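In what follows, a structure is listed as structure tokens, so that the remarks can point back to it.
Please treat every number below as a calculation from the coordinates, not as lab data. Values in this document were obtained by computation on a predicted structure and should not be read as measured data. Ideal geometry is used to build each Cβ from the backbone, glycine not excepted, and the neighbour counts take in all protein chains shown.
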Amino acid sequence: MLETAFKGSRIYWAWVLFLLVIIGIGFIFYLRQFIIGLGVTGMSRDVSWGFYISQFTFLVGIAASGVMVVLPYYLHNYKAFGKITILGEFLAIPAVIMCMLFIFVDLGQPLRVLNVILYPTLNSVMFYDMVVLGGYLFLNVLVGWSALSSERKGIAPPKWLKFFIILSIIWAPSIHTVTAFLYSGLPGKYFWMSALLAAQFLASAFASGPSLLILLALIVRKFTKFDPGQEAIQALGKIVTYFMLTSVFFLGLKLFTSFYSGIPAYSHSIIYLYAGLDDYNKLVPIMWISNILTVIALVLLVIPQLRKNELLLAIASVCVFFALWIDKGFGLIVGGFVPNSFKQITEYWPTLPEMSITLGVWAIGFLILTILYKIAVSIREEIGNVDVHH
Amino acid sequence: MGINRRDFLKIAGISTLASIGGAAGLTLIKSGAIEAAQYIDDPRALKAKRWGIAIDINKFKTPEDYKRVMNACHTIHNVPEINNPKEEIKWIWTESYEHSFSSQEYANPYIQDHLKKKPFLVLCNHCDNPPCVRVCPTKATYKRESDGIVMMDMHRCIGCRFCMAGCPYGARSFNWRDPRPFIKKLNPEFPTRMKGVVEKCTLCYEKLAIGLKPACVEASNGGMYFGDLSDPNSDIRKVLASHYSIRRKAELGTTPCVFYIIGGQ
């Protein structure tokens, strides 16, 4: 099936080349980081995790959200998702790979990464995160690839695949739950220490992931003969709506507990993010951009007439994606470190090398995504875009 | 660049000698003639079930008293002097009362002036229930079962900095770049670190092993007590039993083993 990725239009190759250039720039900056150390980033003794770990956290959500199309299709036999399911599965694969790369580029001694396997430490959440991410990658490669190759041959997928599909549905929430446990069990980090964190992660994931999938489906439809289906896109729109509302609701719950209790440590990070603390306010503008995008998205999503307009749905999806990216792919991690253990404030902002490496990893993800989608689309075009039976 | 006959013969000769030597060495190892040194504890080694430190804040009066203690630690452990606060490495340093004891400060803003203005020495608390050890994915930081010291294996650390997020005391520093150029005077007795690993106070395990107390305690001129918390007759237990003392963020359940003696007898 891979051969289909080597035959493409000019636009396809131009896009691949563009991604390769971004990857190349990121790689050069990574070499610099590899030689000098993580001092090339904006991280510090106080804000010891930054952009990389934030991207990792956000992308675990994107990976997990594949379940939002897999579950209705396989468990509830929701036919409208028949064609889009493969796009969901093939989105999860690059998302997990990006997660792993972001952990890797964040390591101070990357060549020692195998120590995590050589000295497995069952009391560390990091160990479980490695297990669940690796497992989820395997499941999605297995399920996506087998289903697609059976489809190409015009036969039903093998019976044993059903077991792995069910497993992947159960597995999906686990990756984001374990990722939340990385943060929510740390004594003294009050911004993260909430039983709600895993639920918040899942809610925002199930809004941001499907919103990206809507955009990808629209792009695929525009550039190829493969149509994931209007009904599928509209159904995804509803999923985004409900989970975006849930996400905002959860944020409200957190605000209530943090402020009504009046316990200072629980509100410091929130004040820092949205209003600034003691004249430190580097993150305030982007957090408010996130809030504004959230409001725009909710207006477009909640009113059915607006949501049914595909252009407005696309705009809403962009708003949801970036609102949640700022919230989770930036504010959540940095905010947890401000103020520090001594109630002092050190601010964080990513440096040029850090941003270039981050973009490079995203470009690797998009390259893998492009190749996988190209394969899926080519096969669908080949078999005539007929209804498929998984 | 060519080599002449004489140089060639020289190199060839040295190489031959070296290979014969190498082969002989291998044979020795194979035959068991050389064995790894068997590890025996130094008879002078200080031992305890649970080490602890008590800092008598009333005995720290001048800035010199603090400086002496901090320098003693940082010089013997090759702690680099990086002036950029974002990248600095600290094993023992001072913070204000308000910053060190946030919960106490919230509880009583009208506390005596001398406490409010006094610097407090802060270092790794060698917790009995250390969150850093709990979160480390490689056991690069671990609690030594024999005496409770929270240790660091700088050769195993992958630099993920999970321990830094886990430590509620800000006791851990990361080498954001190669620290060696920033070491003022190298102590060849103690290893230097490389970029990309986390480090912190290891309670002078290397000094305890040869029967000496931690450098900070030695330099404190009696301002710091060091001893076995599990032994009711130890000096540290006696001083804690007779003086009012507090610990940093004890409410987090980490059971810190560094005490601050506030009150008199």
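FRET efficiency for the pair residue A:344 and residue A:259, taken as 1/(1 + (r/R0)^6) with r the Cβ-Cβ distance and R0 = 22 Å, rounds to 0.45. Oblate is the label for the protein assembly as shown, because a/c, from the alpha-carbon gyration tensor with a ≥ b ≥ c as root eigenvalues, is 1.5 or above and a/b does not exceed b/c.
Evaluated at q = 0.10, 0.14 Å⁻¹, a Debye calculation over the C-alpha positions of chain A (equal weights, vacuum) places log10 I(q)/I(0) at -0.66, -1.31.
Overall form of the range B:75-187: oblate. Here a/c, set by the Cα gyration tensor axes a ≥ b ≥ c, is 1.5 or more, and a/b is not larger than b/c. The rule of thumb for compact globular proteins, 2.2 N^0.38 Å, goes into the C-alpha radius of gyration of the range B:51-261 0.99 times. Between the beta carbons of residue A:18 and residue B:180, assuming R0 = 51 Å, the FRET efficiency works out to 0.80 to the nearest 0.05. Annotation for the range A:121-192: trypsin sites (Lys or Arg not before Pro) lying in DSSP loop with at most 11 further Cβ atoms inside 10 Å of their Cβ are A:159. Seen against the Cα atoms of chain A and their longest principal axis, helix A:51-64 is set at about 40 degrees.
The stretch between residue A:296 and residue A:281 holds 3.0 nm of extra length on full extension. This uses 0.36 nm per residue minus the Cα-Cα distance. Sorting A:40, A:21, A:67 by the number of Cβ atoms found within 10 Å of their own Cβ, with the fewest placed first, yields A:21, A:40, A:67. Peptides A:2-10, A:26-34, ordered by how many other C-beta atoms sit within 10 Å of their residues on average, highest first, read A:26-34, A:2-10.
The simple spin-label model puts a point 7 Å past each Cα toward its Cβ; for residue A:242 and residue B:153 those points are separated by 4.8 nm. Annotation: lysines with alpha-carbon distance below 26 angstrom to residue A:162 (same-chain offsets under eight excluded): A:79, A:83, A:153, A:374. Taking a ≥ b ≥ c as the square roots of the Cα gyration tensor eigenvalues, with a/c under 1.5 meaning rounded and otherwise prolate when a/b beats b/c, else oblate, which class fits the range A:125-260? In terms of gyration-tensor shape, oblate. Principal semi-axes of the equivalent ellipsoid, √(5λ) from the alpha carbon gyration tensor of the range A:1-60, are 33, 15, 9 Å from largest down.
Relative to the longest principal axis of the Cα atoms of chain A, helix A:125-153 runs at roughly 20 degrees.
Counting other Cβ atoms within 10 Å as a rough exposure proxy, the listed residues A:179, B:255, A:57 run B:255, A:57, A:179 from fewest neighbours to most. Think of it as helices only: each DSSP H run of n ≥ 4 in the protein assembly as shown is worth -39500 (n - 2.57), and spread over all residues that comes to -17500 deg cm²/dmol at 222 nm.
Taking every residue in A:105-117 and counting other chain Cβ atoms within 10 Å of its Cβ, the average works out to 6. Pairs with C-alpha atoms separated by more than 28 Å, drawn from the list B:59/B:213; A:238/A:328; B:61/B:249; B:49/B:117, are B:49/B:117.
Label separation (residue B:47 vs residue A:355): 5.9 nm, computed from points 7 Å beyond Cα along the C-beta direction.
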